[in-house]
Amino acid sequence: MDIALLIEWIIKAVVILAVMTAGFAYVTWLERKELARIQARIGPNRAGFAGLLLPVADGIKLIFKEELIPVNADKLMFVLAPVITVIPSLIVTAVIPWGRTVELFGRSVHLVLADINVAILYILSVTSISVYGITLAGWSSNNKYATLGGLRATAQMISYEIALGFAMLGPVMMAGSMSMVGIVEAQKNLWFAIPQFIAFIIYIIASLAEVNRSPFDMPEAEQELTAGYITEYSGMKFALFFMAEYIKVIAISMIGASLFLGGYLGPFVDQFPGLGVLYFWAKTVLWIMFIIWVRATLPRVRYDRLMAMGWKVLFPLALLNVLVTAVISLLK
């Protein structure tokens, strides 16, 4: 194996992990700031300039918080559950390209860790794993509220994963590739959000339900379940669940920007490939801000309506979109 290539992979992996772990902290800051503006409040402004050190303060606080494990809990599963939840949210971004090939230190560097030809299958497989962590967290706590939260999360994620998968099939069929790089490059002339508008809307709704974000945050509905599957967690274990949620928000934004908004493509990218990174992250940040805006705008839906929408509305629509896309592709 080429040693230089191995070192390149290691550096890319470290950069992705560093960006995602630091990014999750500052998405929490962005959320607090944006919610404050929408609600006519000031928001974080004490810890550092404009409250920028607030995520650091939060981290220090959680490190020194006492960690409790319920007496009758399954201790091994109780400890492993946060880890099982956070790891898939980190590794799913390995196949998402940040930009085109650039020249660095006299070497051509592909701005993607793994450009595999089954990237969509990889994403769907990895994102499915995190439900195990949530379910185990609820079950191992030996708490009825936590167990109900874990069961809700499982039912919700399975229901919406089907619609999410079908929504992602639209861009795959139009691009003729399951590689994320291939899908992005197929959008040179037109973003897939336009011809695949139905799939685009379904992806937005299903991805919000998939990561338990408002208005679909039923697994941790505090009015009904105290805090759902994280009721018994504290300290760094709670921080890991918190971290997983916000990293998943970044991940679904990155995937959505790549599938429907052209990813790293934009004006002058052919002449200046480095611009692709800026375009990619600009689209990702705007998507994250949209998710926060939805949280500030829409109330939590009722659980039976949440499940009914997944099976009776989104799933048939997504299936119909795949059928129509397939027919149009064959007629071309």
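Starting from the Cα of residue 4, step 7 Å along the direction of its Cβ; do the same at residue 324; then give the gap between the two resulting points in nm.
Output for this residue pair reads 5.0 nm.
Based on the Cβ-Cβ distance from residue 197 to residue 39, what FRET efficiency comes out when R0 is 25 Å, to the nearest 0.05?
Approximately 0.25, to the nearest 0.05.
So, in nm, how far is label residue 305 from label residue 87 when the simple model puts each one 7 Å beyond its Cα toward the Cβ?
Result for the modelled spin labels: 3.9 nm.
What does the stretch 65-331 give for Rg and for Dmax, in Å, if only its C-alpha atoms count?
Considering the stretch 65-331 through its Cα atoms, Rg and Dmax are 19.5, 64 Å.
Output the relative contact order of the chain, whole-number percent, from Cα pairs under 8 angstrom with separation of 6+ residues.
About 23 percent, as a whole number.
In what sequence, highest mean first, do 167-174, 26-33 appear when ranked by Cβ atoms within 10 angstrom?
Details: 167-174: 23.6, 26-33: 18.6.
Answer by packing, highest mean first, reads 167-174, 26-33.
Could you tell me the center-to-center distance, by alpha carbons, between the stretch 66-116 and the stretch 160-183 in angstrom?
Cα centroid of the stretch 66-116 versus Cα centroid of the stretch 160-183: 22 Å apart.
Assuming R0 = 22 Å, what is the FRET efficiency of residue 236 and residue 14, from their Cβ-Cβ distance, to the nearest 0.05? Provide the component values of the computation, followed by the final result.
Numbers: r = 22 Å, r/R0 = 0.98.
Given R0 = 22 Å and the Cβ-Cβ separation, E is 0.55.
Below 8 Å, C-alpha to C-alpha, sequence gap of six or more: please give me the relative contact order for the stretch 229-331 in percent.
Values: 38 pairs, mean separation 19.3, N = 103.
In percent, rounded to a whole number, it is 19.
Rounded to the nearest 0.05, what FRET efficiency do residue 69 and residue 158 have when you use their Cβ-Cβ distance and R0 = 41 Å?
The pair residue 69/residue 158 has a calculated efficiency of 0.90.
Peptides 111-118, 87-94: what's the order by average Cβ count within 10 Å, highest mean first?
87-94, 111-118
Once you list every other residue whose beta carbon is under 13 Å from the beta carbon of residue 249, what net charge do they have if Lys and Arg are +1 and Asp and Glu are -1? Walk me through the numbers before you get to the answer.
Details: positive: 213, 248, 295; negative: 31, 34, 210, 217, 245.
Every neighbour counted, the sum reads -2.
Every number here is computed from the coordinates shown, using simple stated rules; none is lab data. These numbers were taken from a predicted model, which means no experiment stands behind them. Backbone-built Cβ (ideal geometry, glycine too); neighbour counts: all protein chains shown.
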